[in-house]
Every structure is written in C-alpha cells, then in structure tokens.
Amino acid sequence: MKKILIPALMLTYLLVITACEHNTRYTLQSPDGTLSVVFSLTETGEARYALSRNQVTVLNTSELGIVLDDRDLSTDLELLSASNPTLVHTEYELRQGKRRRNTYTAVEQVFHLQNNAGNKLDIAFRVSNDGVAFQYRLPEQTTVARAFQAETTSFSFTHGARAWLQPVAVAQTGWMNTNPSYEEHYHMDVPVTDIPGSEAGWVFPALFNTEGGWALITEAGMDGRYHASRLQGKATSGEFRIGYPMDAERYIDGALLAESPLPLKSPWRIIAVGGLDTIVESTLGTDLAEPAIAPMDWVKPGIASWSWALLKDDSVNYATQVRFIDYASSMGWPYVLVDVNWDQNIGYEKMSALADYAAQKNVGLLLWYNSSGSWNKTEYTPKGKLLTRAQRCAEFARLQEMGIAGIKVDFFAGDGVSVIDYYRQILSDAADYQLLVNFHGATLPRGLHRTFPNFMTAEAVHGFEMITFMQDSADKAAAHMAMLPFIRNAFDPMDFTPTVFSEIPNINRHTSNGFELALPVLFLSGLQHIAETDQGMAGVPQFVRDYLQDIPAVWDESRLLSGYPGKYAVIARRSGGDWYVSGINATSEQRNIQLDLSFIGARLGSVISDSDDARTLVRNELESGASVKVSMNANGGFAMVFPADSLVKN
C-alpha cells in the first residue's frame, strides 16, 4: 500500500475552523470530487460525519464513537490534530471474484482525538470514487485486555430513502438450534421510516436507495480480534445503528465481543455509493480487507457436481459418488462435493479409493464437515474433528495424504469474536495442507477470500437448498435471486448452488430454464456447485452442456448492463478475451431491453434463451453492437457468449 501526500494545489478537502473549537469541520472529497464526507465535533465533543454525492445528501449527520470497559470515546472528545490528506493506492490480485486484478485509490485523513481523561482515539476516513470507509483506531499500549462495550456508529438516511434488508435469524432457533444464519428472505424496497423491528438485527450488506444515489453498507478488515457487526433491529426516523451478535453466538466458552490489549483497530465500516453499476462493480469489500497471508498459487477455482442438492442424504454412498465423479469429468468440471455422513456411509478407506478414482478423471473431491461443538444439536458427521488446532492438523494431514482437494464446513455459531477467530483458524490451518474451504451455515465472509485465497465461498444466503425444502421459497425465488448481485454477492463469494433444469421433488419451480442457465455467470463463487444431476443434465440440449462445460472460474472484468434489485439483472463478465453476458427477469411480465454491447467490439456470438415453453431452450447467433435487443420472458433469462476469436469481418 502506498500513501502519498497530496500537493497543496490538489487538495480536495476544505478546513473550516469556527470560533468554537468543538465546531471544527473538515470536508474530505473523493479523487474525482463526486463524494464528500464532512467530519465534525458537536459542542459536547461528540464526533459526527455526513455524506453526499454530487452535493446531494446520502447520509444526514450521523454518529461516531466507541466505548470500552475503562473509557468512553463517544463524548467529551477534543480534536488534537488532523493528518494531512494522503492518497492511498493499492494494487492486488484475487484468486476469484468479479475482477482478477484490482486497484484501490482513495484520499485518507485521520482525526486524532482524546476524551477528558486523556484516552486517545483515531478515526480514519478514506474516500474513493466508489464509496467511503472509516475505521476506529485505539493507539495506546496496554498489557491488560480491554473489553468492547458499545459502538455509537449510525447511518442516518433522509426520510425518502428506501431499504433492502435481511433480518438476522435469532440465535438458538431453527432446525436443531442451528441459527443464527444469514439465510432469511429480504425485506425489499421498504421506506426507511417504516422498517419493521428485527429481534437480532439486520445483516450486512444492507442496501439503500437515496436521493444522492445507492448506498451499500458492510464491513471488512476482520483480523480475528473483533466481532462481526450488523445493523440494530430498530431504526428511528431512518437512522440505523451498528448492532452486535447475540449472547449465544460464541465458540465453546469463548468471548462474544472484542476483548484485547491495545492497540486495537475496528473493521472498516464501508459505504459504497453511486449508481447501481457502481455497487455491482465496486471492490471495496476486498480493497479494505487484509492482504493475502500467502499467494497460494495452488488454489484453483472451478465448478463442482453435487449429488445432495436434489438427491439429499441417501445419495451419499460410494456408487452414487462414482456417478457424480464421472458426471464432473464428462463436463470438464474439476470438483465433486461429497456431503454429510460420508465418514459413516463411505468411510475413510473407501473415500481414499474414491479420491484415487477421481484423480484418474482429473477431478478433486471436496468433503463435508460439521463445525459444531456444543452450540447446536446437529448430529451429522464428521463432527467435532475441527475444534482444536491439534484435531484440525491431524484431520487435514490425513485428507492431504488421501488426495482430498478441500472441505465444506457447516453449522457455525454466529458472529461472536471467538467464532470469527475460529473461521480464521480453520482457513489458516487448511492452507497449510493445501485444502480449499467452503463455509456453510455461516456468516458473511467480509473480504476473507482476499486474506485467505484458499477460502473459496460461503453460503450466508437463502440458497437453492431452501427452495427444495419449502414451496414458499420457490415462490419467492426469482425476485430473491434477482436481488442478490446487488447485495449479498456484491463483494463476497456466495455458494447459492445454482442451476436446475429438472423438476424439484414436491416443489413447483417457477423459474425458466433460461433463468437457471444464467445463474452461474450472474452469481460469483470460487466453487460453483451446480445443483442439476447427471441424469437431468443428460436431458438438456448439447449446446447447453457445451455452454456449462466452458464457463470460466475466474473473471477479469465485470459490468452491470441493466437491472434493478428484485426485478431483473443483466451482467457482463470477461475472462481473458471472452465475454459472457447473462440476464434474468424476476417479474411476471416479459421484459424487453436494449443492451449496449459496443464495449465487446464487433463480434459474432450466441445466445441461449427460453422458447415459449419455460422448459425449452433455444440457441441463436447474434452480433454485438451499441443496441442489441433482448427479450426475457416472465421469470425467464438468457446466457450469451462472445468468444475472443469471433470478430466480425467487414
């Protein structure tokens, strides 16, 4: 990371000092001048900030502050000094996500404060062209651990703003007490003044539409010493406040909230701001994450077959997994996920033989694990094998010797600091044995896939398995999926486990096959588990199988072409020189749109879309251009591809 002092003529901030010291105000602007943050102190020494875009309010004046067990840093503060604005510039690569090579440029200013007892607090602001981030820094040195008590951070929206919010599932509820999770449906397009109460709060990311633009709030930069946050469940007059995990959200006998000797830094509080294209294309969630602990060049993202999605527990046997290995091999997919109770139904010895068979087919196996200690009542196995470092290293060494490619770990306890540390320990130990990791029944990743390149994906979504369980989820599926690229999947990989062409047992599926085909490109995941079975895939046209065989696992560029949360989404992604364009329509009416594909160049491509029959797909050729007409049926979709070698010759 480079920090460059901005020359005086380039300063994009304004300093105004009034007669009263407490009313000192600073305005910090983004490099392009579109975003402005105003930092100020009230007459009683309370830190405040406000945010605008193109001089239109995004956030009214909102609160800042933090309270520990021995110090209150939310009031009676005085400003000791403010750093000169510096230009922060970072370049980094990701093993997966919307963009392989990333550049982050922001203007940073740090405000050095102290309370009336002389305790110090630094608040760092960074303003980039796509958003604002701030972080609390407690710079003093202590040998005694200091306990977090409260954070007064708020986000105060104007009364005309509207919200897309997911409630946190209440801890110790749900099947076998497996909540909390991030697997609820969203409240969509709700006035911020009419937000219903949520007992456990609202998850990150949270999306808002304001007069000044769209705003997506989340956090990143989790070092394992701070709990994961959320928005409190009750908002007053459009003002949302930082919330905390519930008491049960702990690793065995572990801490709930941050408790550490100083110095200590909070995660970055992130507000991505702009048009919907800015939200979908922004990388703030990884820009502000900790850098990779190691390059991990051995990490290979890819598509996986998965029997459990449609066939459930009975499919976890040796013979069926041989079928799904053959299926993955025939599709050119590098992985197969073997789910619950494999240790009982197949066993380690036969799993080793299965891994050898898969290796002959150029396929790697991913094995399911139960994370649980005593925090829920689940009985699926293997269970209790990852709780300590000694257990993990013994198990991971055994898997490495067997030739296993990775693990899926399920049923975590929530967002307490001890659980956040547990996630990181699993990832770190797995990296030592070159194992890929997928977390289920888990929290939002918050940029961890940058820090741990072997972290491939996480559920943290009301995903496909819920559709197989409940008709209500199938009824809401189209709108739910059309919202996810703008919120849940904006920054972090998401294991939705998409794409099914068959009928789902005991469920009426409303999405068309064109809609389903679009999902592996619309949704970002380092491991993309395809829900369709080998038998179901055999029933679709060859051109559909060809398309799914060739979908890249890594993207170099992503663009939102058109869309609105919960209604429709059209996204283009580039891998090397190849462009993929996919779209879904979640409404009950046909949608006709004009796409500007001139950025692709003059190319001849193909589009797979729905016929009049929602279960029948057709393939046609088309040329890119500045105005390409596309029609999407109700609950329908399409998938386009423009290969690099398909230039149209004049």
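The values are calculated or read from the model by the stated rules, or taken from the named source; none is laboratory data. Everything quoted here is computed from the prediction, not taken from an experiment. Cβ sites come from the backbone with ideal geometry, for glycine too, and all protein chains shown count toward neighbours.
Of all residue pairs spaced 6 or more apart or on separate chains, those with beta-carbon atoms under 6 Å, a first member in region 608-628 that is at negative phi and surrounded by fewer than 16 Cβ atoms within 10 Å (Cβ to Cβ) and a second member that is in a strand (DSSP E or B) and small (G, A, S) are R619/S606; E621/S606.
Between V107, V192, V127, the distinction of being farther than 27 Å from T457 by Cα, modelled with pLDDT of 95 or more, touching a Gly at 6+ places or on another chain (Cβ under 6 Å) and among the hydrophobic types (A, V, I, L, M, F, W, C) belongs to V192 only.
Residues in region 251-279 that are within 17 Å of F148 (Cβ to Cβ) and either at pLDDT below 95 or out of contact with any Lys or Arg (no Cβ under 9 Å at 6 or more places or on another chain) (or both): Y251, G254, A255, L257, R269. Can you confirm whether M466 is surrounded by fewer than 23 Cβ atoms within 10 Å (Cβ to Cβ), closer than 20 Å to Y182 by Cβ and of a type outside the set (D, E)? Here the answer is yes, as M466 does meet what is asked.
So that you can scan it fast, the table gives a plain yes or no per residue for (1) touching an Asp or Glu at 6+ places or on another chain (Cβ under 8 Å); (2) closer than 17 Å to V37 by Cα; (3) outside the structural domain of A228 (by TED's automatic domain parsing); (4) acidic (D, E):
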{"site": "F111", "(1), (2), (3), (4)": "yes, yes, no, no"}
{"site": "Q114", "(1), (2), (3), (4)": "yes, no, no, no"}
{"site": "G118", "(1), (2), (3), (4)": "no, no, no, no"}
{"site": "P139", "(1), (2), (3), (4)": "yes, no, no, no"}
{"site": "E151", "(1), (2), (3), (4)": "no, no, no, yes"}
{"site": "S156", "(1), (2), (3), (4)": "yes, yes, no, no"}
{"site": "Q172", "(1), (2), (3), (4)": "no, no, no, no"}
{"site": "W175", "(1), (2), (3), (4)": "no, no, no, no"}
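If only residues of region 44-98 that are of a type in the set (K, R) and farther than 28 Å from T236 by Cα are counted, the one that is surrounded by the most Cβ atoms within 10 Å (Cβ to Cβ) is K98. Within the option set L262, L256, L216, being in contact with a Leu (Cβ under 6 Å, 6 or more places away or on another chain) and in a loop (DSSP other than H, G, I, E, B) holds for one residue only, L262. Within region 295-326, the set of residues being buried (at least 22 other Cβ atoms within 10 Å of the Cβ) and either modelled with pLDDT under 95 or in a helix (DSSP H, G or I) (or both) comprises W308, A309, Q321, F324, I325. When S558, S646 are checked against the criterion of being within 24 Å of the chain's Cα centre (by Cα) and farther than 30 Å from E503 by Cα, a single residue qualifies: S558. Within region 560-567, can one find any residue that is modelled with pLDDT of 95 or more and assigned to a helix (DSSP H, G or I)? No: zero hits.
Taking only region 279-294 into account, find how many residues are part of a helix (DSSP H, G or I) and surrounded by fewer than 20 Cβ atoms within 10 Å (Cβ to Cβ). Selection size over region 279-294: 1. Filtering region 219-236 to residues that are charged (D, E, K, R), outside any strand (DSSP E or B) and under 20 Å from the mean Cα position of the chain (by Cα) leaves only D223. Pairing each residue of region 209-225 that is closer than 21 Å to G160 by Cα with any residue that is of a type in the set (S, T, N, Q) and buried (at least 22 other Cβ atoms within 10 Å of the Cβ), provided the two are 6+ apart or on different chains, yields C-beta distances under 7 Å for G212/S52.
So, G563, is that one within 29 Å of K408 (Cα to Cα) and in contact with a strand residue (DSSP E or B) (Cβ under 6 Å, 6 or more places away or on another chain) or not? Criteria not met by G563.
Picking from residues in region 163-206 that are part of a loop (DSSP other than H, G, I, E, B) and aliphatic (A, V, I, L, M), the one that is surrounded by the most Cβ atoms within 10 Å (Cβ to Cβ) is V203. Only a single criterion out of (1) within 24 Å of R615 (Cα to Cα); (2) surrounded by fewer than 19 Cβ atoms within 10 Å (Cβ to Cβ) is not satisfied by N585, namely (2).
Contact annotation: residue pairs with Cβ atoms under 7 Å, 6 or more positions apart or on different chains, pairing a residue in region 300-319 that is free of Cβ contacts under 8 Å to residues at least 60 places away in the same chain with a partner that is assigned to a strand (DSSP E or B), are V316/V338.
Just to be sure before I move on: is A163 in contact with a Ser or Thr (Cβ under 9 Å, 6 or more places away or on another chain) and either in the same structural domain as L262 (by TED's automatic domain parsing) or charged (D, E, K, R) (or both) in the structure I sent? So A163 does not fit the description; no.
So for region 72-87 (the condition being part of a loop (DSSP other than H, G, I, E, B), at pLDDT 95 or above and either aliphatic (A, V, I, L, M) or within 30 Å of S525 (Cβ to Cβ) (or both)), does at least one residue qualify? Yes.
Residue-wise test of (1) at pLDDT 95 or above; (2) of a type in the set (S, T, Y); (3) farther than 15 Å from N317 by Cα; (4) touching a Pro at 6+ places or on another chain (Cβ under 9 Å).
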{"residue": "S330", "(1), (2), (3), (4)": "yes, yes, yes, no"}
{"residue": "Y335", "(1), (2), (3), (4)": "yes, yes, yes, no"}
{"residue": "N345", "(1), (2), (3), (4)": "yes, no, no, no"}
{"residue": "K350", "(1), (2), (3), (4)": "yes, no, no, no"}
{"residue": "A353", "(1), (2), (3), (4)": "yes, no, no, no"}
{"residue": "D356", "(1), (2), (3), (4)": "yes, no, yes, no"}
{"residue": "K361", "(1), (2), (3), (4)": "yes, no, yes, no"}
{"residue": "N370", "(1), (2), (3), (4)": "yes, no, yes, yes"}
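A quick yes/no check of all residues on (1) within 18 Å of S62 (Cβ to Cβ); (2) modelled with pLDDT under 95; (3) in contact with a strand residue (DSSP E or B) (Cβ under 6 Å, 6 or more places away or on another chain):
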position	(1), (2), (3)
N177	no, no, no
Y186	no, no, yes
E199	no, no, no
F208	yes, no, yes
G212	yes, no, yes
A220	no, no, yes
S229	yes, no, yes
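In summary, G566 fulfils each of the numbered conditions (1) in contact with a helix residue (DSSP H, G or I) (Cβ under 8 Å, 6 or more places away or on another chain); (2) in the same structural domain as E465 (by TED's automatic domain parsing) with the single exception of condition (2).
Check region 466-483 and report whether any residue there is closer than 30 Å to M296 by Cα and not hydroxyl-bearing (S, T, Y). The answer is no; no qualifying residue exists. Note on region 456-513: residues that are part of a loop (DSSP other than H, G, I, E, B) and hydroxyl-bearing (S, T, Y) amount to 5. Exactly one residue out of W306, W375 is closer than 21 Å to H440 by Cβ and under 23 Å from the mean Cα position of the chain (by Cα): that is W306. On inspection, E43 fails the criterion of being farther than 30 Å from S575 by Cβ, outside the structural domain of R450 (by TED's automatic domain parsing), under 30 Å from the mean Cα position of the chain (by Cα) and acidic (D, E).
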